[in-house]
Amino acid sequence: MERESVEGKAAAQGDLHHLARVKVDEGDAQRSSQIAVAQPVEDELVELGADLVGEAAREVEDGLAGFQGSRASANFLADSVASAQRSVDLSLIQYREGATDYQRVLDSQQSLLAQQDQYTSAKGGIVQNLVSVYRALGGGWQIRAGQEFLPEERLQRMRERTDWGELLPGEQLPDELPEAPPTGNAQPLLNPPVW
């Protein structure tokens, strides 16, 4: 009798084990189908991420190349402006001495203006390309002027979670921080060119 109850219990346990294994197999099949569905989505996201990284790298490289090119161009154009200014000065001297007519003075001034215009465009190109590099690297446009970039609650959580050493400033910021740049009416509408 005892043997039958032991065999009955073993059979019942075997049935339970078989049922559990069937359930696990069904779960594995279900997980496998979920993985099969998720794999193309993951592949697409990886490809999209690679495209975004490639595009960001291209934007940084384009901005740096433009920055260097604009800077080199501005250096040459600065020399060109100085030469054109010298030409205007010489034509004025020649006109005062009666060696030439006033048309030559006007032509040299027109040439100077064209060189100054190109120089100003090149200087603007320097700034524009530098801004594009900054944006491509993830820079923002907020003027912080002594304010933290992250909210204080997040900084506090970061301090509690990790020893950042000197990377996170302490509670007090130094007093010698620069003042915020002027905005609105405090800033002049046009700055005079410095030739």
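Things to note:
- Members of the stretch 75-105 that are out of contact with any Ser or Thr (no Cβ under 8 Å at 6 or more places or on another chain), among the small types (Gly, Ala, Ser) and either buried (at least 16 other Cβ atoms within 10 Å of the Cβ) or in a helix (DSSP H, G or I) (or both): Ala78, Ser80, Ala82, Ser83
- Residue within the stretch 106-123 that is surrounded by 10 or more Cβ atoms within 10 Å (Cβ to Cβ), more than 30 Å from Gly66 (Cα to Cα) and either at pLDDT below 90 or in contact with a Gly (Cβ under 6 Å, 6 or more places away or on another chain) (or both) present: no
- Taken together, the criteria exclude Arg157 from residues that are charged (D, E, K, R) and modelled with pLDDT under 80.
- Candidate set: the stretch 53-74, residues that are exposed (fewer than 15 other Cβ atoms within 10 Å of the Cβ) and either touching a residue at least 12 places away in the same chain (Cβ under 8 Å) or of a type in the set (Gly, Ala, Ser) (or both); chosen: the one nearest to Leu113 (Cα to Cα): Ala72
The values are calculated or read from the model by the stated rules, or taken from the named source; none is laboratory data. It should be emphasised that the depicted structure is a prediction, and the values quoted were computed from it without experimental measurement. As a convention, Cβ positions derive from the backbone with ideal geometry for all residues, glycine included, and neighbour counts pool all protein chains shown.
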